[in-house]
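Visitor: Could you have a look at this structure, given as structure tokens, before my questions?
Coordinate-derived values only; no laboratory data. Computed from a prediction, not measured in an experiment: that's the story for all the values here. All Cβ positions, glycine included, derive from the backbone under ideal geometry; neighbour counts span all protein chains shown.
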Amino acid sequence: MPKTKTNRAIAKRFKKTAKGGLKSANAYTSHRFHGKTKKQRRNLRGTSMINKTTASKYEKMF
């Protein structure tokens, strides 16, 4: 049976962690920062983990 192809859109947006979880950048970080507090902006930096129910859908595409 042939190997399944990796969905390139998923591969560019998510990274797998050592324990098998998925991490990605946060949403709501492209514009309209004047409506967000400093605390919100600070917490949107970096990456965050995807919850297990959503991650199971994306893992099939990896």
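Visitor: Taking the stretch 41-62 as the region of interest, how many residues are in a helix (DSSP H, G or I) and surrounded by 12 or more Cβ atoms within 10 Å (Cβ to Cβ)?
Guide: 6
Visitor: How many residues does the stretch 1-30 contain that are farther than 19 Å from S48 by Cα and exposed (fewer than 13 other Cβ atoms within 10 Å of the Cβ)?
Guide: So the count comes out to 7.
Visitor: So which residues in the stretch 1-35 are in a helix (DSSP H, G or I) and aromatic (F, W, Y), if there are any at all?
Guide: Residue satisfying the conditions is F33 alone.
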